[in-house]
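What follows is a short report on a single structure.
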Protein chains: 2
Amino acid sequence: MSNFLRTGRKIVAIGRNYADHAKELGNAIPKEPFFFLKPTSSYISPGDGPVEIPRGTIVHHEVELGVIIGKTGRDIPKSEAESYIAGYTLAVDMTARNVQDAVKAKGLPWSTAKGYDTFCPVGPFIPKSKITDLSKVGLSFSINGNLKQSGTTADMIFDVPHLISFVSGIMKLEEGDVLLTGTPKGVGPIGPGDKFQAKLTYPGLDGQVLDQYEMACEARSGGYEFKG
Amino acid sequence: MSNFLRTGRKIVAIGRNYADHAKELGNAIPKEPFFFLKPTSSYISPGDGPVEIPRGTIVHHEVELGVIIGKTGRDIPKSEAESYIAGYTLAVDMTARNVQDAVKAKGLPWSTAKGYDTFCPVGPFIPKSKITDLSKVGLSFSINGNLKQSGTTADMIFDVPHLISFVSGIMKLEEGDVLLTGTPKGVGPIGPGDKFQAKLTYPGLDGQVLDQYEMACEARSGGYEFKG
Ligand SMILES: [Mg+2]
Ligand SMILES: [Mg+2]
Ligand SMILES: [Mg+2]
């Protein structure tokens, strides 16, 4: 599963799963989880190049705990969900916010807003044994050294077993699939020339650093230009 | 590439790409293509079981030409698009129409409406050499022997090279990815107990049968229930 980035076939990303983040975007607290798909072609590892800012887009950062699925399952009961987890990864759900706002207003899919190349930075595989209490994961995100997001998974609206159970009742989960579990408040724009620092700690924000990385952002040359 | 169903990592599905179909759903003709993602976990081969009708959903059939990508490309010019095609497949883009209508009204993602298990029936790999003029592919779809959809790719708003170029300017295309190219008019409900027949012909609707298959639909037991 350390190879999930090359072998996994699906990224299921949960929306508005931290109450404070839902509020900051003016959204209601969802009554049940909802999710969208990011393509695996949007994966990028730190060190494999910059995150690209596509032409015409305003890109926001969303730091998230990624849950890596270890075996195929469907209609997984919450009580068994944990056994489907192989490990974790520190992920960023890059989002073209102006594209997303435009498609939301038109009732169109989110796939472009969420699916550009390099829009899913992920660090290495973190073995499951490193995180024994899923409510105590610390996530933080800085731009050019200035802290923008910091929160813990204690603030999730729907916990990880709930998410695994919910998603697997709609689409089966398979080995190497990644579940992005939502982002704490503090999202905002990041642009060409910026460098960001993402960090995953346990237990809590003052715990051990399980992963951290820095990546640069650059303007994408060529490709689709969003014109509103 | 005959193995695209097991090795491919992305299904990119184009919306409203036949003018008559856009009209029948009351949608405007798009000025540029738009697309959504279906998960590869929604693939099903004829013979591998029924198409499932999830609880609480009204499912519509959309018969489509699937284009199977043969090599990785990004920002592919229209003039080179054809060289990225490995072959074709006869696909059905199953759609939970009531779920889609609900999420469109709320500005939410289409991923659930389009991504349930068994929502992407696909036939075997059809070698590229079998179709020399991409504007002459015939598609038809019947339920219990009654013809519901029949049309040819001549009615596409954006042709296949345009679609490949457009999508690859947003997300790179990779070997085994499938592009669903839109559906002709005649979509409608299909439910438990129905059997459908899909057919792909060339050249035109009276040409040689390149693929045809029949599948049954059954009510899904368990899983998520859509309640509106
Ligand atoms: Mg997110
Ligand atoms: Mg979507
Ligand atoms: Mg379709």
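With the simple model of a label 7 Å out from the Cα in the direction of the Cβ, A:A219 to B:K227 spans 5.0 nm. Rounded, prolate or oblate, given the Cα gyration tensor of region B:77-125, with a/c below 1.5 counting as rounded? It comes out oblate by the Cα gyration axes. For region A:4-219, what's the relative contact order in percent, using C-alpha pairs closer than 8 Å and at least 6 residues apart? About 33 percent, as a whole number. Between 0 and 90 degrees, the angle of helix B:97-106 with respect to the longest Cα principal axis of chain B falls at about 80 degrees.
Potential lengthening of the chain between B:D206 and B:L25 amounts to 62.4 nm, from the contour at 0.36 nm per residue minus the alpha-carbon distance. With Cα atoms defining each centre, region B:1-59 and region A:36-61 are spaced 24 Å apart in the structure.
Rounded to the nearest 20 debye, the dipole size of the protein assembly as shown about its Cα centre is 460 debye, using +1 on the Cβ of Lys and Arg and -1 on the Cβ of Asp and Glu. Ordered by the number of other Cβ atoms lying within 10 Å of each residue's own Cβ, fewest first, B:D93, A:D20 fall into the sequence A:D20, B:D93. The phi torsions of region A:189-204, fed into the Karplus equation with coefficients 6.51, -1.76 and 1.60 and a -60° offset, translate into couplings of x, 9, x, x, x, 6, 10, 10, 10, 10, 8, 10, 10, 7, x, x Hz, rounded to whole numbers, with Gly and Pro shown as x. Label-to-label distance, A:D155 versus A:D133, with points set 7 angstrom from Cα along the beta-carbon direction: 1.8 nm. Sorted ascending by nearby beta carbons within 10 Å, beginning with the fewest, B:D133, B:D155 become B:D133, B:D155.
Among B:F158, A:F119, sorting on how many other beta-carbon atoms sit within 10 Å of each Cβ, with the fewest leading, yields B:F158, A:F119.
With a Förster radius of 35 Å applied to the beta-carbon distance between A:N144 and A:S45, the computed FRET efficiency rounds to 0.95. Highest-first packing order for the peptide set A:41-48, B:62-69 is B:62-69, A:41-48, based on the mean count of other beta carbon atoms within 10 Å.
Taking the Cα centre of region A:4-219 as reference, the dipole from Cβ charges on Lys and Arg (+1) and Asp and Glu (-1) amounts to some 400 debye. Along region B:46-59 the Karplus relation, 6.51 cos²θ - 1.76 cosθ + 1.60 evaluated at θ = phi - 60°, assigns HN-Hα couplings of x, x, 8, x, x, 7, 8, 9, x, 4, x, 10, 10, 9 Hz to successive residues, with x for each Gly and Pro. Between the beta carbons of B:A105 and A:S2, assuming R0 = 45 Å, the FRET efficiency works out to 0.60 to the nearest 0.05. Taking amide hydrogens as placed 1.01 Å from N in the peptide plane, the amide H of B:K148 sits under 5 Å from those of B:F141, B:S142, B:I143, each at least 5 positions away in sequence or on another chain. Amide H contacts of B:V59: B:R97, B:I190, each under 5 Å away and 5 or more positions distant or on a separate chain (H built 1.01 Å from N in the peptide plane; Pro and chain starts excluded).
Each value in this text was obtained by applying a stated rule to the coordinates, not by laboratory testing. Please read all numbers here as calculations on a predicted model, not as lab measurements. Positions of Cβ are backbone-derived with ideal geometry, glycine not excepted, and every protein chain shown enters the neighbour counts.
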